[in-house]
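Everything below concerns the one structure shown next.
FYI, it's all coordinate maths here, none of it is from the lab. Values in this document were obtained by computation on a predicted structure and should not be read as measured data. Cβ placement follows ideal geometry from the backbone for every residue including glycine, while neighbour counts extend to all protein chains displayed.
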Amino acid sequence: GENVEQHPSTLSVQEGDSAVIKCTYSDSASNYFPWYKQELGKGPQLIIDIRSNVGEKKDQRIAVTLNKTAKHFSLHITETQPEDSAVYFCAASREGSGYSTLTFGKGTMLLVSP
Amino acid sequence: EAGVVQSPRYKIIEKKQPVAFWCNPISGHNTLYWYRQNLGQGPELLIRYENEEAVDDSQLPKDRFSAERLKGVDSTLKIQPAELGDSAVYLCASSSQGAPGNTIYFGEGSWLTVV
């Protein structure tokens, strides 16, 4: 089955700095890679996703990059704000033929200090 | 639009007691998932339903866990008897088969503590 490794496990930045979280996956057939943000006491919330037919996707201060050859994808947050503090999870799955459900990484706790 | 609704939000029980969690998915979503999230870990799939049918329950500990999704809408996850190691957050999620990709929407979770 799929195995998703995520690092770092914790990340502390100053407000306004950039934050990068990296994930690797093992199943070369995986083609869908979402990122979830989980605030304390709440369920994970989808913030951005990318499919294997593109290398990069941006949404305001958030971007995700994908390197299919290396089986590696990353989340980039620019101009971080205290409200970005949360646990972030990457995940991977197969859409379409050979569909598989999401396999999650272990999460990164991001702390943005004012 | 209402999100995924779960109850109860918090439950403390003694070991060997039964417990049940309820989930109401987003209206129109025919795929429903139960995940378990241990402290400091990512969610792990327990069971996935397509309408009423459990299509992936390979990670569900069937000796003590059971789930049902009557009429293809609400779902219940039961643990009987509970063990100390079952302490976790139980997340329900749903998605629409017709939605782009595999977008899964999570509820806020049911926090279980077994003492």
Quiz prompt | Pairs of Cα atoms farther than 19 Å apart, the range A:1-51, % | solution = 41
Practice problem: Mind computing the radius of gyration and Dmax over the alpha-carbon atoms of chain B? Å is fine for both. | Solution: 13.4, 43
Quiz prompt | Relative counts (whole %) of C-alpha pair distances in the protein assembly as shown, using bins that are 10 Å wide | solution = 8, 32, 35, 20, 5, 0
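For residue B:114, what charge total do you get from the other residues with a beta carbon under 15 Å from its beta carbon, if Lys and Arg give +1 and Asp and Glu give -1? The partial results should precede the final answer.
Numbers: positive: B:11, B:15, B:16, B:36, B:64, B:78; negative: B:14, B:83, B:86.
That works out to +3.
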Self-check item: Residue mean of other protein chain beta carbons inside 10 Å, A:38-46
Solution: 6
Quiz item: By the gyration tensor of its Cα atoms, with a ≥ b ≥ c the square roots of the eigenvalues, what is the shape of the range A:50-114: rounded for a/c under 1.5, prolate for a/b over b/c, or oblate?
Solution: prolate
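Charges only on Cβ, +1 for Lys and Arg, -1 for Asp and Glu: so what's the dipole of chain A about the Cα centre, in debye to the nearest 20?
Details: 11 positive and 13 negative charges, 66 e Å.
Dipole size: approximately 320 debye.
Taking only C-alpha pairs under 8 Å that are 6+ residues apart, what is the relative contact order of chain B in percent? Don't jump to the answer; show the numbers that get you there.
Details: 286 pairs, mean separation 42.4, N = 115.
Computed over chain B, the figure is 37 percent.
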Quiz item: Distance from the Cα centre of the range A:30-74 to that of the range B:31-110, in angstrom?
Solution: 22
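Fewest to most neighbouring Cβ within 10 Å: what's the order for B:115, A:13?
Listing B:115, A:13 from fewest to most nearby Cβ atoms yields B:115, A:13.
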Self-check item: Relative contact order of chain A, pairs being alpha-carbon contacts under 8 Å that are 6 or more residues apart, as %
Solution: 37
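Rounded if a/c is under 1.5, else prolate if a/b beats b/c, else oblate: with a ≥ b ≥ c from the C-alpha gyration tensor eigenvalues square-rooted, which is chain A? Write down the numbers at each step before the final one.
On the way: a/c = 2.06, a/b = 1.71, b/c = 1.21.
Here chain A falls in the prolate category.
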